[in-house]
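The values are calculated or read from the model by the stated rules, or taken from the named source; none is laboratory data. These numbers come from a predicted model, not from an experiment. Positions of Cβ are generated from backbone atoms using ideal geometry, with glycine treated the same way; all protein chains shown enter the neighbour counts. What goes into the accessible areas is simple: the full protein's heavy atoms, side chains included, and nothing from ligands, DNA or RNA. Shrake-Rupley method; radii C 1.70, N 1.55, O 1.52, S 1.80 Å.
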Amino acid sequence: GVVYGIETEETQLDPRLATSFHYDGVFGTALNRFCVQAVAGVPLTVYGRGGQKRGFLNIRDTLRCVELSVLNPPAAGEFRVFNQFTETFTVLELAELVRRQSSKLGLEASLEHIENPRREAEEHYYNPRHQRLLDLGLRPHLLSDVLIESMLVRIREHAARIKANIILPRVRWDGGAAPAAKQSAGRA
């Protein structure tokens, strides 16, 4: 699944342990990009109608999933697959969550639908199973307003470091020109 979040208990111990945080159109995740756009005063850019659905996992749970699989090895000859995610969201649902939480912090975030630069179906059947890690003892940290607020607050603390020129997609998966959006630099 797509990993979200900025910190873990361990990374809070020392600023040199900070995780990487990508919000660009190639390596960044939609949630990171939306949070940065809200802080920068840039419309939250939803690709197409925003019906693309994915699995998501809090960064605090990523290593726990690996640990659980190592502590519970398969029987000899057993083949196992663990889908490492705890929730599913559409891109539009994420944008709405960020917009709602942004307004609580006094940030005006609007949505703008742009042409999708990716080669993917606007909507598709997506119903993956993820029960096996829960059965092994995973107690997930779910996406919440508190987490989104903490991300927005942290990003706002470092707003001067936002590079507005990398927020919008500049690469198309089909090799064409990147979609144009009516984006201003906002406060960035």
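Observations on the model:
- Among the residues of segment 91-147, those identified as under 25 Å from F27 (Cβ atoms) and charged (D, E, K, R) are E93, E96, R99, E112, E115, R118, R119, E120, E122, E123.
- The listed residue being out of contact with any strand residue (DSSP E or B) (no Cβ under 7 Å at 6 or more places or on another chain) and within 30 Å of F82 (Cα to Cα), out of I167, I148, I162, I155: I148
- Pick from segment 19-38, criterion within 30 Å of V81 (Cα to Cα) and among the small types (G, A, S), ranking: modelled with the lowest pLDDT: G25
- Matching residues in segment 22-41 - criterion: being of a type in the set (F, W, Y) and open to solvent by 10 Å² or more (accessible area, probe 1.4 Å): Y23, F27
- For A18: the one exception among (1) of a type in the set (G, A, S); (2) surrounded by 14 or more Cβ atoms within 10 Å (Cβ to Cβ); (3) out of contact with any strand residue (DSSP E or B) (no Cβ under 9 Å at 6 or more places or on another chain): (2)
- Scanning segment 101-130 for residues that are without any contact (Cβ under 8 Å) to a residue 60 or more places away in the chain and over 19 Å from E87 (Cα atoms) gives S103, K104, L105, G106, R119.
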